[in-house]
1. Hey, residue 112 hits all of (1) out of contact with any strand residue (DSSP E or B) (no Cβ under 8 Å at 6 or more places or on another chain); (2) under 30 Å from residue 143 (Cα atoms); (3) crowded, with 21+ Cβ neighbours inside 10 Å but one; which does it fall short on?
2. Working carefully through the options 70, 112, find the one that is farther than 23 Å from residue 32 by Cβ and modelled with pLDDT of 95 or more.
3. Among all residue pairs at least 6 apart or on different chains, which show Cβ distances below 8 Å where the first residue, located in the stretch 17-46, is at positive phi and in a helix (DSSP H, G or I) and the second is at pLDDT 95 or above and buried (at least 16 other Cβ atoms within 10 Å of the Cβ)?
4. For the stretch 193-209, enumerate the residues that are modelled with pLDDT of 95 or more and surrounded by fewer than 19 Cβ atoms within 10 Å (Cβ to Cβ).
5. Look through the stretch 27-52, keep the residues that are surrounded by fewer than 19 Cβ atoms within 10 Å (Cβ to Cβ) and under 18 Å from the mean Cα position of the chain (by Cα), and return whichever of them is nearest to residue 186 (Cα to Cα).
6. Name, by its number, the condition in (1) in contact (Cβ under 8 Å) with a residue 60 or more places away in the chain; (2) more than 18 Å from residue 98 (Cα to Cα); (3) in contact with a helix residue (DSSP H, G or I) (Cβ under 8 Å, 6 or more places away or on another chain); (4) crowded, with 17+ Cβ neighbours inside 10 Å that does not hold for residue 174.
7. Of the residues that make up the stretch 145-167, is at least one at pLDDT 95 or above, over 19 Å from the mean Cα position of the chain (by Cα) and within 23 Å of residue 273 (Cα to Cα)?
8. Can you find even one residue in the stretch 85-95 that is surrounded by 23 or more Cβ atoms within 10 Å (Cβ to Cβ), modelled with pLDDT of 95 or more, in a strand (DSSP E or B) and over 11 Å from the mean Cα position of the chain (by Cα)?
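The values are calculated or read from the model by the stated rules, or taken from the named source; none is laboratory data. The structure presented is a predicted model; accordingly, all values stated were derived computationally and were not measured. Cβ placement follows ideal geometry from the backbone for every residue including glycine, while neighbour counts extend to all protein chains displayed.
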């Protein structure tokens, strides 16, 4: 919602030869979100792709979280995404095609400590998208692609702006990935029907472990307090420090956060997801290799 930040992004896109307009809005207000869709139709005549990724975060145990704080995270992260889908879907249905892309988090599959509100909001996104996708298929509109993009820990200013009650500036569970990895996943999903895509190999690994054994994931997060300590930096940050939980704050209108030196520029897991031919080729090679070893062993 930072208007100067949006304007600077428009300038950057135009300098690179693209076309863009900015329209500030509060995603918790459906009428404002609907106005974004209406403005896009007025400017371009139709919607091809809607990408929704507005989010806030709160680092606190469940008991430390107030009802107002929990509700605010749900309002922005979940209801904001719901409002985006409600605003965009009628236009996509009128065209009979298009992509509805919702950027949530790997925490749609597994919530982390300090993230009861955040994890609940991301699980909610996965839930309403699952229902909406089948409803569209039932209407014969499978040509409208509904995708849940689930990043792992991405190097953005989200952590600078988050409210924290853990005494220090928070961070995501490492490893970190550069934002370009999420951009690549979004671009792929916009052009190729994709149910969901996890951006960052660590996120894929966590999702797999959670699916196979939630108890094992519990153990890994509890091992030497890793799920808690790894989300803490050494930089003190008081609870009353400026944050964007209820209002925007200035000074963080940039793409990358503070972890560029420790972030991975590539994810082979994500690369394989957006290059399915190579992915299946690798699977075939692995199977043939395993068969060959079995034959030699026999």
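1. Status for residue 112: all satisfied but (2).
2. 112
3. Hits for this filter: zero, empty list.
4. Once the filter is applied, which keeps residues that are modelled with pLDDT of 95 or more and surrounded by fewer than 19 Cβ atoms within 10 Å (Cβ to Cβ), the stretch 193-209 yields 195, 205, 208, 209.
5. It comes out as 51.
6. Going through (1) in contact (Cβ under 8 Å) with a residue 60 or more places away in the chain; (2) more than 18 Å from residue 98 (Cα to Cα); (3) in contact with a helix residue (DSSP H, G or I) (Cβ under 8 Å, 6 or more places away or on another chain); (4) crowded, with 17+ Cβ neighbours inside 10 Å one by one, residue 174 breaks only (4).
7. no
8. no
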